[in-house]
1. Neighbour counts of other C-beta atoms within 10 Å: give me T245, T145 arranged from fewest to most.
2. What is the calculated FRET efficiency for S26 to R363, with r their C-beta to C-beta distance and R₀ = 45 Å, to the nearest 0.05?
3. Taking the C-alpha atoms of the chain, how large are the radius of gyration and the largest Cα-Cα span, Dmax, in Å?
4. Using R₀ = 45 Å, calculate the FRET efficiency as 1/(1 + (r/R₀)^6) where r is the Cβ-Cβ separation of R344 and I11; round to 0.05.
5. Less than 13 Å Cβ to Cβ from E229, Lys/Arg counted +1 and Asp/Glu -1: what total charge do the surrounding residues give?
6. Which length gain, in nm to one decimal place, applies between T68 and E331 when the Cα-Cα distance is subtracted from 0.36 nm times their residue separation?
7. Could you check the spin-label model distance between N254 and S296? Points 7 Å from the Cα along Cα→Cβ, value in nm.
8. Rounded, prolate or oblate: which one fits region 134-260, using the alpha carbon gyration tensor with axes a ≥ b ≥ c (rounded when a/c is under 1.5, else prolate when a/b beats b/c, else oblate)?
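Each value in this text was obtained by applying a stated rule to the coordinates, not by laboratory testing. Note that the structure is predicted; figures quoted are calculated from it, not measured. Positions of Cβ are backbone-derived with ideal geometry, glycine not excepted, and every protein chain shown enters the neighbour counts.
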Amino acid sequence: MPLIRRHRDEIAAFQARRRGRPSLHSLVVEEIRPLTDDAVLVAFTVPDHLREAYRFKHGQHVTVVHRTDAGELRRSYSICAPAGSGGLRVAIRRVPGGAFSGYATEQLRVGDTLAVLTPTGRFTTELDAAAAKHYVAIAGGSGITPILSMTVTILEGEPQSRVTLLYANRSPSSTMFLDELEALRDVHGARLSVCHHWSREAPAGEAGPRRLGPDSVRDLLERCPPVDEWIMCGPLGLVQGIAATLEEHGVDQNTIHQELFTAAGVDDLTNGHDRPLVHSEVTLRMDGEDSTLTLSSRGVSVLAAALPLRPDLPYSCSDGICATCRVKVVEGQVEMDRCSALDRAEIRQGYVLACQAHPISERVLLDFDA
Ligand code: FES
């Protein structure tokens, strides 16, 4: 890379990091490896001058951007390498009709370049080298990607802690990282227990298939208490069902860390048609620069309306689950369609998701720098 471009890249990454925002850089694909029939592992080379920018916490994700003649595709993928390893890798499963996943699993080649946002996300745990905790990790399908990063990071960073992993898939052949988990069991011995739940095939020594759900958690609470922290990632039904069971059993909510990998099934907070009709003057502030547009309370989201004007706005899923587009309401009021990415404290402080926000007052000021 020419020196001037490299320098510009480094400065952009530094400024974005100082403001707590991700920045976008081109990374070269270093490795592509099949994980299952429909999933691949994609590893990127991170150049030395961007190492700090791509440093991540276990459980965080990156947004991968693929530009085509028809436009831009953005997808969020959890990093499936341990924190501090220096490796940046994601797992991509082909989704029926999925434009990006189809491209990534069939056409992407080693040596290709993709734009990748620096890591974001608050699905993580605090590490304490002196801790001796029991973590229960629960993963459904592709939900294993952040869980794998968290499991390895915890086992390496907390030498006295142990992890019980409950992992749901249809069958061994659809299970990502099956061999890697076996290898981890060999390395960490009794500190890592992996319990596969295959819905279409009986695990060795069992009479029938095993499904992961609230009963598995009840059983675990009876058989191997105490559990200090719960980490889970998967589809809504699995995560919500288990969270409800934990609540029934009086598990402290502060010990439960959860992430969804899709917004499918997440209830809308508001119905756009019930909103009072307001034509609002919306100002967006980012990098100290204001951009103003007029927007209807019943129209597209603030993010969708603003992108043609400010293509540099940070975003990824556009679905209310990744929080990359988090912004603070400094003046006026907005309503969100849905939100499963902000915690109560952030909402109280006035943060909203630009991809879900609609103005409901005549003037609104949203600050991405806050
Ligand atoms: S872009 Fe993902 S929550 Fe808004």
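1. Fewest to most other Cβ atoms nearby, the residues stand as T245, T145.
2. Numbers: r = 38 Å, r/R0 = 0.85.
It comes out at approximately 0.70.
3. 21.4, 65
4. Calculated value: 0.80.
5. Taking every other residue near E229 into account, the sum is -3.
6. Working: separation 263, 0.36 × 263 = 94.68 nm, distance 3.71 nm.
Gain on extension, T68 to E331, equals 91.0 nm.
7. Between N254 and S296, the simple spin-label model gives 4.7 nm.
8. Cα axes put region 134-260 in the rounded bin.
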